[in-house]
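Have a look at the structure below before the remarks.
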Amino acid sequence: MSPAAERWAATELPTAEGLLLRPWRTDDAPAVLRAFAPPEMARQTSRPVATTAEALEWIACREGERTAGSGYTWAVVREGAALGSVAVTAVDHVHNTGWVSYWTTEAARGTGIAAAGVRALARWAFDSLGLHRLELGHRTNNPASCAVALRAGFAVEGIERKKLRYGDTRYDVERHARLATDDVNDG
């Protein structure tokens, strides 16, 4: 296990908003199923997450990434319930970069859970992993995801035209980034 993965293994991260970031556990499978049940979420996954077995496989894949040091996915928890997920994946220790993603269960949308989780994730990635640049992207027709990125301190960098394809439709993606040296990290 890499030193970064060892630091991750025993870590739980409390947020200023009273949330907890912790590794995904097998007893979180129902929350994963709830999150991927809406058609909007289901179409964005690389493979289906529609059964308990598939949810457990999703959790096991996150553990595999963590062990390999290539990605770190956290459950965002309030009062013991997993309400969302934040992750830094595609971790590149040569360039000290990573790709951020996030989602919440439908019941948690619009409550600030995603932004709080992403802020805590960014602090952890800069401090514990030693990353310098975090990137994320969202479809331009997803203003809620854009709001999360902005509230989490990620600056807009530009549009990637027709980057994503779901079915027969292509979508533009707005790219955001946050650097370890950004002023937002001082607070």
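Checked against the criterion of being in contact with a helix residue (DSSP H, G or I) (Cβ under 7 Å, 6 or more places away or on another chain), part of a strand (DSSP E or B) and either at pLDDT 95 or above or crowded, with 17+ Cβ neighbours inside 10 Å (or both), the candidates Ala75, Ala29, Ala55 yield just one match: Ala75.
Matching residues to (1) more than 30 Å from Ala37 (Cβ to Cβ); (2) of a type in the set (A, V, I, L, M, F, W, C); (3) surrounded by fewer than 19 Cβ atoms within 10 Å (Cβ to Cβ); (4) touching a Gly at 6+ places or on another chain (Cβ under 6 Å):
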site: His93; (1), (2), (3), (4): yes, no, yes, no
site: Thr104; (1), (2), (3), (4): no, no, no, yes
site: Ala107; (1), (2), (3), (4): no, yes, yes, no
site: Ala122; (1), (2), (3), (4): no, yes, no, no
site: His132; (1), (2), (3), (4): yes, no, yes, no
site: Glu135; (1), (2), (3), (4): no, no, yes, no
site: Glu157; (1), (2), (3), (4): yes, no, yes, no
site: Lys162; (1), (2), (3), (4): no, no, yes, no
site: Ala180; (1), (2), (3), (4): yes, yes, yes, no
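Within the range 78-91, the residues that satisfy the criterion of being farther than 19 Å from Asp127 by Cβ and surrounded by 22 or more Cβ atoms within 10 Å (Cβ to Cβ) are Ala82, Leu83, Gly84, Ser85.
For Glu40, the conditions (1) over 15 Å from the mean Cα position of the chain (by Cα); (2) part of a strand (DSSP E or B) all hold with the exception of (2).
Just so you know, in the range 137-155 the residues that are touching a strand residue (DSSP E or B) at 6+ places or on another chain (Cβ under 7 Å) and part of a helix (DSSP H, G or I) include one that is surrounded by the fewest Cβ atoms within 10 Å (Cβ to Cβ), and it is Cys146.
Residues in the range 157-187 that are in contact with a strand residue (DSSP E or B) (Cβ under 6 Å, 6 or more places away or on another chain), in contact (Cβ under 8 Å) with a residue 24 or more places away in the chain and over 16 Å from Ser145 (Cα atoms): Lys163, Leu179.
Among the residues of the range 1-26, write down those that are modelled with pLDDT of 75 or more, part of a loop (DSSP other than H, G, I, E, B) and of a type outside the set (Asp, Glu). The answer is Thr11, Thr15, Ala16, Gly18, Leu19, Trp24, Arg25. Taken together, Ala75, Ala87, Ala68, Ala108 contain a single residue that is farther than 19 Å from Ala177 by Cβ and without any contact (Cβ under 8 Å) to a residue 40 or more places away in the chain, which is Ala108.
The values are calculated or read from the model by the stated rules, or taken from the named source; none is laboratory data. For clarity, every value in this text was computed on a predicted model and none was experimentally measured. Quick reminder, even Gly has a Cβ in these numbers, built from the backbone with ideal geometry, and neighbours come from all protein chains shown.
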